[in-house]
Structures are given as structure tokens and as C-alpha cells.
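**Q** This is the structure I have questions about; it appears just below.
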Amino acid sequence: MGLTGSGALITRPMLVTFAILVTLPLWIEPVGFYQYLGVEIVIWMIFALGFNLLLGYTGLPSFGHGAYFGLGAYAFGLFQLNVVQNLWLGLMAAVVIAAIGGAAVAAFISHRRGIYFALLTIAFGQVFWFVSIKWHKLTGGEDGLLNIPRPSMDFGVVEFALSDNTALFYCVLGVFAVVVIGLWRLVHSPFGKVIQAIKQNEMRASFVGYNVWLYKWAVFTLSAGIAGLAGGLFAMAQESAYPDVMSLHASGFVVMMTLVGGGFVSFWGPVMGAVIFFLARDFLGSLTETWLLWYGLMFMGMVLFKPEGVAGAWQDWMGRLLGKQDKGDASPAGGFVASLKR
């Protein structure tokens, strides 16, 4: 099994990504950033990769996906505060609660498509956000849940404290690696081929015998579960959970990350998009309070002039550099470019 084919468990882009991230604590401060930024970026990479399963691979625009990120955050916090302080059980609770919320919503909206599907995701997302603000006894209302314990990473025979940002980063990175490998196998499995067929033409996929409603329900539920996992990690890192992460603008952030990065043309688009978003936030934010305006203008320009995003621009540039656009390029560089594509 090679490193370039879709059947590979570990690919060259994975190795490059993991190598960069593993060494990140060594160089992030010398280049002018701070350790916790790496934690934030990797958590949102997980969120964006799960979201891209819906938008990039199935063609389902969910504009209220922050709701499931928030459900995961609240589930993790409430579990640590009221049940038991355990990292793995808390993250499992975050995944399960977010997946249940996603499954319930998907049961209502999976028969819709296009703008109607998108509007319903916004409506349900706002319902979750409103409940999180008003259910003060459970969620803490607008103040959120505070002082959430950050449990250690316990493997039974060995235990690692997560009190410092470096240890926290490697914990989050381990989860990221599992999610990346799992999603890579999923999107290149028969299930992945079916959801891509649904993206191309729902009616045709239905005519050849696939239960389109069930596949849409399943992929929405899975995407919500991954969002919940990211939310649980976020609550652990922040030691708090609050309604803002469920709001419409927070949901918009993950959409922008996915589109700017190029989730429609590359598995790795959301990863690039998350990096660009946080670097823009910190760099532009140090120059002006209106950094989001400039990021929004960049987003508009990308959508208008290069809708394939950064990943699409990279593929085009490398293709011109190599003089070969086909996936059958036998050179190492050509294989790397081919492995970045769907």
C-alpha cells in the first residue's frame, strides 16, 4: 500500500502535516506567536474537517453547525462538573450528545436540499443557541459554564497532566491525527463515494438505488459528532463553555475556513483554512480592531476569483510548475500534488 493512493492509510500530505504540527511548540514562539494558538488551530481543524464532510463532500450547506460544537462543549463541561472528572469519558459524552442533537435535526431536514436545507440548519442552530442562553440552571445562561476541570490524560498505566499548553497541544494533536486518518478512510470508502454522488446529483443517486435521505441523515449526524468532539476539546482547553460558540457568527467562521481553504477540491482545504483564519485574526488583529472586515474582504475575493480556495490555487500553481495536470504524474512532486486532490 503506497503513500499516494486513496487506499493508503497514511499519505504524504498527512506525514507533512503531522511533521509540521509535531514540531510546532519548538518554533511557534520564535516566529512571534504563542503556544496556545496551536491548540486553538488544531481544535478548529478538527471542527472544519468534520464540517467539510457535509459541505465539501456531500454538498450540504449547514450554516448553524456551531450548535453542535457548543453541544459538545456543554456536554464535556457538565460531565466534568456533575458526573466524574475523566477526559476520555467527557469527550465521549461530547461526541454522543452532539451526534444525538445532529441526528434529531437531520431527521427533520434531510428530505430538503439547497436553500431550504441551509435555512433550516440556521433555524435549528438558533434554537440551540437560544436555549443555551435561557436555560440558566443547566448552561449558566450568558455567563456559560466556568471553572470546568481539565482532567489528566489517563492511559491506565501512565498519566499525563494537561496543565501546561504544550502537553495540552499534544493531547489535541493526538485526537486530530485519529480524526484525520478516520475521515480519510471514510471519504475514500464506498460510503464516501455515495455521498459524493449525492453531491453531484441527488435524484440520480436515488434512481440507482441509494437511500439518499438515510445517507444525508448519517453524514449530518457524523459531522455533528465530530463538531461535538472539537467542542469538548475547546471546553477542556478554555476551561469554560459559553453560548457564543453556538451563535450564527461562530458557525460562519467554520464555513469561511472551509471555503477559503478549498474544501470543495481538497481533503486538506479545511486544515489550510483554519490556519489562515487564526493567523489572519492574530496578525491583522494586532494592526487593527476591524480585522474581521479585512478577512471578510479576502473571503469575498477568494469566492469571486478563486472559488476553489487556497488548495485549488496550490494545485494549479504546482500543475503549471510541473507542466502536468493529470493525476498519473510519476514524479514525487507530481504524486504529492495528486494526493492533495480528491
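**Q** Given the criterion modelled with pLDDT of 90 or more and either within 18 Å of Ser62 (Cβ to Cβ) or surrounded by 20 or more Cβ atoms within 10 Å (Cβ to Cβ) (or both), identify the matching residue among Ala230, Ala197.
**A** Ala230
**Q** Got a number for residues in segment 254-272 being closer than 30 Å to Val131 by Cα and buried (at least 24 other Cβ atoms within 10 Å of the Cβ)?
**A** 4
**Q** Here are some residues: Leu55, Leu78. Which one is of a type outside the set (Asp, Glu) and either farther than 30 Å from Glu159 by Cβ or crowded, with 24+ Cβ neighbours inside 10 Å (or both)?
**A** Checking each option against the conditions leaves just Leu55.
**Q** Considering only residues that are crowded, with 21+ Cβ neighbours inside 10 Å and of a type in the set (Val, Ile, Thr), which ones fall in segment 84-133?
**A** Result: Val95, Ile97, Val105, Ile109, Thr121.
**Q** Output the residues belonging to segment 46-79 that are over 20 Å from Asp244 (Cβ atoms) and either not hydroxyl-bearing (Ser, Thr, Tyr) or not in a helix (DSSP H, G or I) (or both).
**A** Leu49, Asn52, Leu53, Leu54, Leu55, Gly56, Gly59, Leu60, Pro61, Phe79
**Q** Can you go through Val337, Val255 and tell me which one is at pLDDT 85 or above and either at negative phi or within 14 Å of the chain's Cα centre (by Cα) (or both)?
**A** Answer to the selection: Val255.
**Q** Here is a follow-up. Out of segment 286-299, which residues are over 17 Å from Met272 (Cα atoms) and not polar (S, T, N, Q)?
**A** Across segment 286-299, the qualifying residues are Leu287, Glu289, Trp291, Leu292, Leu293, Trp294, Leu297.
**Q** Which numbered condition in (1) closer than 30 Å to Gln80 by Cα; (2) over 18 Å from the mean Cα position of the chain (by Cα) is the only one that Ser286 fails?
**A** Against the list (1) closer than 30 Å to Gln80 by Cα; (2) over 18 Å from the mean Cα position of the chain (by Cα), Ser286 comes up short only on (1).
**Q** Additional query: Any residue in segment 142-160 that's closer than 10 Å to Gln85 by Cβ: show its pairings with residues that are at pLDDT 85 or above and among the acidic types (Asp, Glu) at Cβ separation under 8 Å, as long as the two are six or more apart or on different chains.
**A** Ile148/Glu239; Pro149/Glu239; Arg150/Glu239
The values are calculated or read from the model by the stated rules, or taken from the named source; none is laboratory data. What you see is a predicted model; the values in this text were computed from it and never measured. In this analysis, Cβ positions are derived from the backbone assuming ideal geometry, glycine residues included, and neighbour counts consider all displayed protein chains.
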